[in-house]
1. Restricting attention to region A:75-113, which residues are touching a residue at least 24 places away in the same chain (Cβ under 8 Å) and of a type in the set (D, E, K, R)?
2. If the Cβ limit is 6 Å and pairs must be 6+ apart or interchain, which residue in region B:40-62 that is away from chain A (no Cβ under 14 Å) pairs with which residue that is of a type outside the set (S, T, N, Q) and surrounded by 12 or more Cβ atoms within 10 Å (Cβ to Cβ)?
3. Going through region A:12-44 one residue at a time, which ones are of a type outside the set (A, V, I, L, M), under 13 Å from residue A:79 (Cα atoms), away from chain B (no Cβ under 14 Å) and in contact (Cβ under 8 Å) with a residue 60 or more places away in the chain?
4. In this structure, does residue A:83 turn out to be more than 15 Å from the chain's Cα centre (by Cα), away from every other protein chain (no Cβ under 14 Å), surrounded by fewer than 19 Cβ atoms within 10 Å (Cβ to Cβ) and modelled with pLDDT of 95 or more?
5. Scanning for something within 12 Å of another protein chain (Cβ to nearest Cβ) and out of contact with any Asp or Glu (no Cβ under 7 Å at 6 or more places or on another chain), does region B:64-82 turn up at least one residue?
6. Residues of region B:88-111 being closer than 25 Å to residue B:13 by Cβ, buried (at least 20 other Cβ atoms within 10 Å of the Cβ) and of a type in the set (A, V, I, L, M, F, W, C), which ones?
7. Across region A:86-113, which residue is surrounded by the fewest Cβ atoms within 10 Å (Cβ to Cβ) among those that are in a strand (DSSP E or B) and among the polar types (S, T, N, Q)?
Amino acid sequence: EAGVVQSPRYKIIEKKQPVAFWCNPISGHNTLYWYLQNLGQGPELLIRYENEEAVDDSQLPKDRFSAERLKGVDSTLKIQPAELGDSAVYLCASSPRSDHEQYFGPGTRLTVT
Amino acid sequence: AQSVTQLDSQVPVFEEAPVELRCNYSSSVSVYLFWYVQYPNQGLQLLLKYLSGSTLVKGINGFEAEFNKSQTSFHLRKPSVHISDTAEYFCAVLGGTSYGKLTFGQGTILTVHP
């Protein structure tokens, strides 16, 4: 069974530029999550999807961050414009449902210069 | 809302020694508990989980954890570590008052020395 796929693995951009991350969850998993992991810290939830609906986006900075999950499968997380403080690892995870264990992708390491 | 505290940010040990990584959580209702491991430049891999039933949970790579409800703890143990166990370990809770939200501790870096 294929795991959660994320791309790109690494991204370096200049501040004020836009950036997008892509995630393909495990087949059949209805719930998809985006997490932010700063250096030396545990991941923090940004947004949770049930199928194509964002059911928890309370931690998503909506002034610059946006996400979508069209057709309830793949998802894209976008930052526009990026700031220096956005440098971090962005993790995608999926689960069969919200009260189930989560499976994580390898993450995208973003560096904003 | 629940919270997770990992009591040690770094734990150095020698190869073949036993190790315990400590985790305490706070929640007013029942939760599920997890330990994840993260190797450098990789995502998180599930080591073990406690959902219900026996309080002693066995996971992959020889790790085990014990759920203690009265002390709200979920410590991770391994009787004999290997060099390959060097990684960062995260304790996490799921559910409670924040349905569907996985709350992580700050992580413990385990370094195994030869």
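1. Residues satisfying the conditions are A:78, A:83, A:86, A:97, A:109.
2. B:55/B:66; B:55/B:67; B:56/B:66; B:58/B:64; B:62/B:78
3. A:14, A:15, A:16, A:17, A:18
4. yes
5. Checked against the condition, which is being within 12 Å of another protein chain (Cβ to nearest Cβ) and out of contact with any Asp or Glu (no Cβ under 7 Å at 6 or more places or on another chain), region B:64-82 yields no hits at all.
6. Correct list: B:90, B:91, B:92, B:104, B:110.
7. To start, the set of residues in region A:86-113 that are in a strand (DSSP E or B) comprises A:88-95, A:103-104, A:108-112.
Within this subset, residues satisfying the condition of being among the polar types (S, T, N, Q) are A:94-95, A:108, A:111.
Values: A:94: 25, A:95: 21, A:108: 22, A:111: 13.
Among those residues, the one meeting the criterion is A:111.
The values are calculated or read from the model by the stated rules, or taken from the named source; none is laboratory data. In this text, all values refer to a predicted model and were calculated from it rather than measured experimentally. FYI the Cβ positions are ideal-geometry reconstructions off the backbone, even for glycines, and counts take in every protein chain you see.
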